[in-house]
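Taking it in order: structure first as structure tokens, then the write-up.
The values are calculated or read from the model by the stated rules, or taken from the named source; none is laboratory data. Since we're looking at a predicted model, the values are computed, not measured. When we count neighbours, we look across all protein chains shown, and the Cβ atoms used for this are built from the backbone with ideal geometry, even at glycine. All accessible areas refer to the heavy atoms of the entire protein, side chains included, with ligands and DNA or RNA removed. Shrake-Rupley method; radii C 1.70, N 1.55, O 1.52, S 1.80 Å.
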Amino acid sequence: MSLSLNWVSTFLGFLLIPSMYWMLPSRYNSFIKMIHLKLHTEFKMILGPSKTSPTILFISLFTFILCNNALGLLPYVFTSSSHIIYTVTLALPLWLSIMIFGWINHTQHMLAHLIPEGSPALLMPFMACIETISNVVRPGSLSVRLTANMIAGHILLSLLGENITNSSQLVPLIMIMQMILVMFETAVAFIQAYVFSVLSTLYTSEVV
């Protein structure tokens, strides 16, 4: 078995769900449901009054990314969300499915979306090129945003951790900075999962 087991951590969160989550009703289950209902309300507002709004897809995406971001804060756990291959695997199929659905079912709407309303006739070709480029780079921007934000904090934590052994006099200061950074990274884990799912919802709302 020469395969790396690092990526097993991606699905580790599903194995760590406490048993009280499955006991109804429980406070843990009620808390998760409250978050999901809040996300459903917000995603439904973004997607509009369509009866087929796929809010469950984006709620599941938020939960999956959040679990991986949070697990990455634990010591000796492989942080899958800080690798570009992980984020591209999430963003690219989602973007491709949205584009294929839009161009097959709403071709005129997709063509009209390439030229913003009120654009001068002389600038229409340039506006179409700009809109096309901005549309194509969306999966890349989604992937890089999540990867960069997750890996930046981990690099800082690693650098500070290495300096503890080299500078014994600054250990209290470094420990305080480490605790502040861990709290900051916890907030980033929530925020980046939310940003990724909200932007995916916004891109879908242009097609649905």
With every protein chain left in place and a probe of 1.4 Å, what is the accessible surface of MET124, to the nearest 10 Å²?
70
Across all directions of projection, what mean area in square nanometres is found for the Cα convex hull of the range 129-171?
3.8
Roughly how many nanometres apart are two label points built 7 Å out from the Cα toward the Cβ at LEU92 and SER134?
2.5
At q = 0.08, 0.15 Å⁻¹, base-10 log of I(q)/I(0) for the range 5-207 (Debye sum, equal scatterers on each alpha carbon)
-0.38, -1.04
Which of THR79, THR41, THR63 moves the most in a Gaussian network model of the chain with Cα springs under 10 Å?
THR41
For a quick check of understanding: with a 1.4 angstrom probe and all protein chains in place, what accessible area in square angstrom does TYR28 have, to the nearest ten?
80
The range 84-202 - percent relative contact order, Cα under 8 Å, separation 6 or more
31
Here the gain from full extension of PHE14 to ILE84, 0.36 nm per residue of separation minus their alpha-carbon distance, amounts to 23.0 nm
Relative contact order in percent for the chain (Cα pairs under 8 Å, 6+ apart) equals 30
At 1.4 Å probe size, put PHE78, PHE190 in order of accessible surface, largest to smallest.
PHE190, PHE78
Solvent exposure, largest accessible area first (probe 1.4 Å, DNA, RNA and ligands not counted), of LYS38, LYS44, LYS33:
LYS38, LYS33, LYS44
Given the options LEU146, LEU37, LEU47, which has the most mean-square fluctuation in a GNM of the chain, springs set between C-alpha atoms less than 10 angstrom apart?
LEU37
Between ALA148, ALA193, ALA112, find the one with the highest GNM mean-square fluctuation for the chain; connect C-alpha pairs within less than 10 Å.
ALA112
Can you give the three extents of the C-alpha atoms in the range 92-162 along their principal axes, from longest to shortest, in whole Å?
59, 28, 14
Can you give the FRET efficiency to the nearest 0.05 for ILE155 and HIS40, using r as the Cβ-Cβ distance and R₀ = 41 Å?
0.70
Per-residue HN-Hα couplings for the range 83-99 [Karplus 6.51, -1.76, 1.60; θ = phi - 60°; Hz; x = Gly/Pro]
10, 5, 5, 5, 5, 5, 4, 7, 7, 5, x, 5, 5, 5, 5, 5, 5
Quick check: residue separation of PHE190 and ASN163 times 0.36 nm, minus the Cα distance between them. What number comes out in nm?
6.9 nm
With Rg from the Cα atoms and Rh as the Kirkwood inverse mean 1/r over Cα pairs, the range 58-113 has an Rg/Rh of 1.20
